[in-house]
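Contents: one structure, followed by commentary.
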């Protein structure tokens, strides 16, 4: 692990391994896809494959794909074309496309990309090594409704690790394809998650980031009651783990016992990812989010009763029927609530979703204009919030070193999506947590030095 030096904010990572059968894995997508990629790596290693960083040095290229929105599908298709071009030049022999794009387009992909050898769906991670070694009679191998939950994985990050606590989604928001791509919601048993978390802790990793399509719904299918608070308490008992971070908490499913654990358990970071998506009641109802503005405001107030609580959220602009008044309501809300981190997406019209056939589709140029206005608003809020941290001493987890700077994070930031702390120091250990004093700030990043 000491040889790893991940770069900040990667858009496409080539996951490398130990040092015949040579394969290269190219990763696209979200943290949940990243975990799937780590599981593919573990399966390949068990099968005796040599994993290499450079695609041109491999016999086989595997691409893990995202298909959540049009932009992600476009990126995946462009990467497939690049790989086909390499294959035509004789630089690689086989191409395997894996993941959500296969689940989304099982009939179209084999016809559109005849140069790809196999299209493999989400349920077939344990079979990838055998498929590559022995071949398979069909080019496309997938299940329409995935049922898998977890596989053995090879963690690729030295300072933090994502931990998937469930798979699929049963919310069926009007704009979202996830239930159709990854199946309905299914939780992993607590004991299975704890076993994986203990293995992560034994690797020396200090931070575990819990991911799911809806973390707050965890356990309702297995234990007939929301159980995320129980899971967090058990995870906090693992002595090697120091930080526990929550992503993808659905506002409709926040509950009192969870808030109590966030407040009282020191290892549970005072950070929450709370995707609100909008604040206009008209739009929230059309999105089928399951809550209204008053509910969101109540949850935010409850969270802010917890000292030093950091709230990250996401919004969708340009949803069908979003008027100038709806967008103004959203902007006013952002200026009033002053969130620590915001992600903004323009609405992507997705076939098969309830929103696809809604009237009053918003033109692209208006969606992009609203996205720009929203993010400029948030940029100034972020600048002011980070400026207020100057002079404070805060623990910083070191993620990597890039040129002359170490790059780390406070509890306030999640890797790859939030800002970083940049430190100029002679010798820090990747994966360790150090007390740092903040001496400068930009709109999204902090600058610090080791406390004397």
* Structure fact -> Listing 237, 297, 38 by rising number of other beta-carbon atoms within 10 angstrom, fewest first, gives 237, 297, 38
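Is the shape of region 242-340 rounded, prolate or oblate, going by the alpha carbon gyration tensor and its root eigenvalues a ≥ b ≥ c, with a/c under 1.5 for rounded and a/b larger than b/c for prolate?
It is prolate, given that a/c is not under 1.5 and a/b is the larger ratio.
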* Asked: Roughly how many whole Å is it from the C-alpha centroid of region 109-183 to that of region 368-440?
  -> 33 Å
* Structure fact -> Taking a ≥ b ≥ c as the square roots of the eigenvalues of the Cα gyration tensor, with a/c under 1.5 meaning rounded and otherwise prolate when a/b exceeds b/c and oblate if not, region 130-231 is oblate
* **Relative exposure of 338, 293, 177, judged by other C-beta atoms within 10 Å (fewest first)** => 338, 293, 177
* region 160-387: relative contact order in percent, alpha carbon pairs under 8 Å with at least 6 residues between -> 17 percent
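How long are the semi-axes of the equivalent ellipsoid of region 159-305, taking √(5λ) for every eigenvalue λ of the Cα gyration tensor, in whole Å from largest down? Provide the component values of the computation, followed by the final result.
Details: eigenvalues 143, 65, 32 Å².
For region 159-305, the ellipsoid semi-axes come out as 27, 18, 13 Å.
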* Asked: Taking square-rooted eigenvalues a ≥ b ≥ c of the alpha carbon gyration tensor, is region 13-141 rounded, prolate or oblate, where a/c under 1.5 means rounded and, failing that, a/b exceeding b/c means prolate?
  -> rounded
* Would you mind estimating how fast the chain diffuses translationally, via Stokes-Einstein at 10 °C and 1.306 mPa s with the Kirkwood radius over Cα pairs, in µm²/s? => 69 µm²/s
* Average projected area of the Cα convex hull of region 393-450, in nm²? -> 3.6 nm²
* **Neighbour-count ranking [beta-carbon atoms within 10 angstrom, fewest first] of 56, 242, 207, 152** => 56, 152, 242, 207
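A short reminder: the numbers here are calculations on the coordinates, not readings from a lab. Nothing here was measured: the structure is a model prediction, and the numbers come from that model. No Cβ is skipped: glycine too gets one built from the backbone with ideal geometry, and neighbour counts run over all protein chains shown.
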